[in-house]
Every structure is written in structure tokens, then in C-alpha cells.
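Structure first, commentary second.
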Amino acid sequence: MLFVDDESNILHSLRRLFRHEPLRVLQASSGEEALGLLRDHDVAVLVSDNRMPGMGGIELLARAGGASPDTVKILLTGYADLETALAAINRGEVFRFVTKPWEDGELKRAVAEAVERHRLARALRDADEGKLLSLAQAIELKDAYTRGHCDRVALYALRIVEGLALGDDLKCQIRYGSWLHDCGKIGV
């Protein structure tokens, strides 16, 4: 996990909040420093302030995708207006938007959810077929009427793909996407 803020007292507070968590905590006081850490370390979650000298948080989050595509991004800012929120979502592709002063439980939950999202993204990227199929089957357990639905969607999608000149990697991604197309139901 990487925290980025130009205020050392904020970084100290964040380190103290997460000191008992099973996560390695990195810190940076600027966007430029953070990009260097993203290139040198495997970072699951990036939590950044927005208003910083030099590179702001939204620009950092937007550039972080190129340096570390699987990193899940959270904007932690004291200036929460609609324009900032929209820019964070549209340019920075943030997972969560948390305002300062933060509530410890809320920030810890946001980070825990981001870590889980990172694990899922890695499973997709690493093509861990067993995990993906297990997740699809777990979704189907919520509703007996949908048992086998994900497999049927994958079967039909792959039949459609057979007529197209697509590579094996893309076909595999289509199969995985078919299995996981209802993953939003797991929280319903």
C-alpha cells in the first residue's frame, strides 16, 4: 500500500492507523516520488491526497495506471466538491473517494475492499481459472434459478467468437468475463 501526501503529519497518522494490518506501507510526499515507488514496488493500493505542490493527486492517479495497471486507487482529500469527484472518477479512475478528516473505520474498509479488488484483478490477469470459476459458482449459489447460467453464457459467447478471427488470449478473456458477468450480484 502506498500513501501519498505532502503533509508529513498526515503520512504519520496513516502509517499509525495501518501499523497492525498485514500490509507493507510505503509513503511518498509528492506525485513524482510516488510514481518512482510504483515502478519499483508491487503496490496493491494507492491512497493519495489531491492538493499537493507539483503533481496533484488526480494527475498522479491518472498516471499511476501506466506505471502500475493493477493498482487500485483511492483519493483522500479535504476538498470534496463535485468537480473534484468527477475528475477523480473520470481521469484518475478512482475506486473510492474518502474525505479528510477521515473516519478510521471507513478508510480501513475502503482499503480492505481495494485490496480484495486488487486480488481479483491479479487473478484475472494471471488467469487463475480455478479461482474465477469458484467465484462464478459462488455467485450462482445466491440464486438456485441461475445454477449453470455462467457456464451457459460462456458457452454461447465462445460459439459466437468461433466465427471471428480472434486470438486465444482474447477468447480466454471472453470466457472469464462470461463467468464473471454477474459478479455484482454477490453483494445483493
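Each value in this text was obtained by applying a stated rule to the coordinates, not by laboratory testing. Predicted model, so just to flag it, every value in this text is computed and none were measured. Positions of Cβ are backbone-derived with ideal geometry, glycine not excepted, and every protein chain shown enters the neighbour counts.
By how many degrees, 0 to 90 and rounded to 10, does the Cα axis of helix 57-67 deviate from the longest principal axis of the chain?
The answer is roughly 50 degrees.
Calculate the translational D of segment 41-116 in whole µm² s⁻¹ from Stokes-Einstein, where the hydrodynamic radius comes from the Kirkwood formula applied to all Cα pairs, the temperature is 37 °C and the viscosity 0.692 mPa s.
In µm²/s, the coefficient is 266.
So what are the radius of gyration and Dmax for the Cα set of the chain, in Å?
19.1, 59
Where both residues lie in segment 1-121, what percent of DSSP beta bridges are antiparallel, nearest 5?
The answer is about 0 percent antiparallel.
Give me the percent relative contact order of the chain, please, defined on Cα pairs under 8 angstrom at least 6 residues apart.
15 percent
When ranked by the protection proxy of mean other Cβ atoms within 10 Å per residue, highest first, what sequence do the peptides 60-69, 80-89 form?
Output ranking for 60-69, 80-89: 60-69, 80-89.
Near the amide H of LEU2, under 5 Å away, which other amide H atoms are found, from residues 5 or more places off or on another chain, if H is placed in the peptide plane?
Here LEU26, VAL45, LEU46, VAL47 satisfy the definition.
Given the pairs LYS108/LYS131; LYS73/LYS171; LYS73/LYS100, which span a C-alpha to C-alpha distance of over 20 angstrom in this model?
In this structure, LYS108/LYS131; LYS73/LYS171 exceed 20 Å between Cα atoms.
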